[in-house]
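Colleague: Got a structure for you, written out below as structure tokens; questions coming shortly.
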Amino acid sequence: MPVTVFEREEHGEMQQAFAALLEESFNRSLTPGNVVVGEIIKVDKDHLVVDIGGKCEGLVPFKELPYLDKSEELSDHYKPGTVREFYIIRDFDEDNYFMLSLKRVDMVKDWDELKRLHEENEILNVYVCGTTRGGVLVQALSLKGFIPASQLRIAKTLEELVGQTIPAKLLEVNKSKNKLILSHRAAVFEAQAERRATTLSALTEGLEVEGEVVKITNFGTFVDINGIDGLLPLSEISWRRLKHPSDELALGQRVKVKVLTIDRALERISLSMKRLSPDPWEMVLNHFKEGDSVTGEVSKFLNSGFLAELQPGIEAFCSYNKIPRDQLMQGENLPFRIVSIAALDRRITLEPASNN
């Protein structure tokens, strides 16, 4: 089929444009770390050969091609004559070939884009691709990043987040150190700013509210109260002694709590679960009196003695002079006699029933 005058002119314009791109690319210097324009001139089994101008050629190994696995043929994806941008990995070798990369072009551009998003305080969606000690690994554009557990705000475990897309804000973007740190918490807080302000204005100390457990730590849990994270300390979960909040609560659980304090300037609230039920010490004299024989579960070891739980939330003290430490096991139930009760001081003293 004969070539028309128009097609010849169009081809000539494309050749001139490509030549100009090559010249501009070459003028930027062919040094590692730069991105240059090149034309694929050969597609081999495991690499591409690229003309990058200035009578220079480069190789793109298979591993530097994006989104391909080893079973795929390069010729199905790349054709001679295709003009692309390439990242220079290293200078020419003994065969006078530069080592190039296609996938790193996107990485260079994405570092620039993430830097812009960081500077403009924008939110982006990231894909959670794995977990690591202390947080989750995410894919932000084509780059790998890290969200610390302290910067997550969601009622799920780290493992349950894998495979999900979540919003995040950039905390640190450092290309030279290949360091990308993000915050899911900051993105959620920004999105809920208006809702949080409305909630905060309606809260009062002593108010009973319902919320969702969104984070569990050693010292307590955080409960989402309509957009505001309230701290429910370990000591305020139950009148009983707990070793860890997870003894009573789980992520995603709906709970009723009482608002203890509100810091409107810092948007912080403290909560209590146990104060929604009566303090067992207020009724202790209705259940116990001096001289009673009781059974208690060893709950905690102290320097001079140990505590035994008589009822949920009621612990009594027994000296090691009465029972040696090496004869005790936490969690075991033992018979006691109540020696004294000081209800206002929340103190009951015990002795072994065998001493009676």
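Colleague: Looking at segment 52-68, can you tell me whether even one residue there is modelled with pLDDT under 85, aliphatic (A, V, I, L, M) and within 30 Å of residue 170 (Cβ to Cβ)?
Modeller: yes
Colleague: Which of the residues that make up segment 207-222 are over 24 Å from the mean Cα position of the chain (by Cα), surrounded by fewer than 17 Cβ atoms within 10 Å (Cβ to Cβ) and either hydroxyl-bearing (Ser, Thr, Tyr) or not in a loop (DSSP other than H, G, I, E, B) (or both)?
Modeller: Listed by number, the residues that qualify are 208, 210.
Colleague: Going by what's in this entry, would residue 177 be described as surrounded by fewer than 19 Cβ atoms within 10 Å (Cβ to Cβ), basic (Lys, Arg) and more than 16 Å from residue 267 (Cα to Cα)? Even if it seems obvious, please write down each step before you answer.
Modeller: Numbers: surrounded by fewer than 19 Cβ atoms within 10 Å (Cβ to Cβ): yes; basic (Lys, Arg): yes; more than 16 Å from residue 267 (Cα to Cα): yes.
Judged against the criteria, residue 177 is a match.
Colleague: Can you pull out the residues in segment 341-356 that are loosely packed, with under 12 Cβ neighbours inside 10 Å and in a strand (DSSP E or B)?
Modeller: Scanning segment 341-356 gives a single hit, 342.
Colleague: Next question. Considering only residues that are of a type in the set (A, V, I, L, M) and in contact (Cβ under 8 Å) with a residue 12 or more places away in the chain, look in segment 50-85 and name the one that is nearest to residue 96 (Cα to Cα).
Modeller: 59
Colleague: Exposed (fewer than 15 other Cβ atoms within 10 Å of the Cβ), outside the structural domain of residue 85 (by TED's automatic domain parsing) and either under 9 Å from the mean Cα position of the chain (by Cα) or of a type in the set (A, V, I, L, M) (or both): is that true of residue 150 in this structure?
Modeller: yes
Colleague: Okay, next question. Has segment 239-257 got at least one residue that is over 22 Å from the mean Cα position of the chain (by Cα), under 22 Å from residue 282 (Cβ atoms) and without any contact (Cβ under 8 Å) to a residue 40 or more places away in the chain?
Modeller: Yes, segment 239-257 contains a residue that is over 22 Å from the mean Cα position of the chain (by Cα), under 22 Å from residue 282 (Cβ atoms) and without any contact (Cβ under 8 Å) to a residue 40 or more places away in the chain.
Colleague: For residue 225, indicate whether it is assigned by TED's automatic domain parsing to the domain that holds residue 261, buried (at least 18 other Cβ atoms within 10 Å of the Cβ) and touching a helix residue (DSSP H, G or I) at 6+ places or on another chain (Cβ under 8 Å).
Modeller: The answer is yes for residue 225.
Colleague: Specify the residue that is surrounded by the fewest Cβ atoms within 10 Å (Cβ to Cβ); the eligible residues are those in segment 156-171 that are more than 13 Å from residue 138 (Cβ to Cβ) and without any contact (Cβ under 8 Å) to a residue 40 or more places away in the chain.
Modeller: 159
The values are calculated or read from the model by the stated rules, or taken from the named source; none is laboratory data. A quick note: this is a predicted structure, and the numbers were derived from the prediction, not measured. Neighbour counts run over all protein chains shown; Cβ positions are idealised from the backbone, glycine included.
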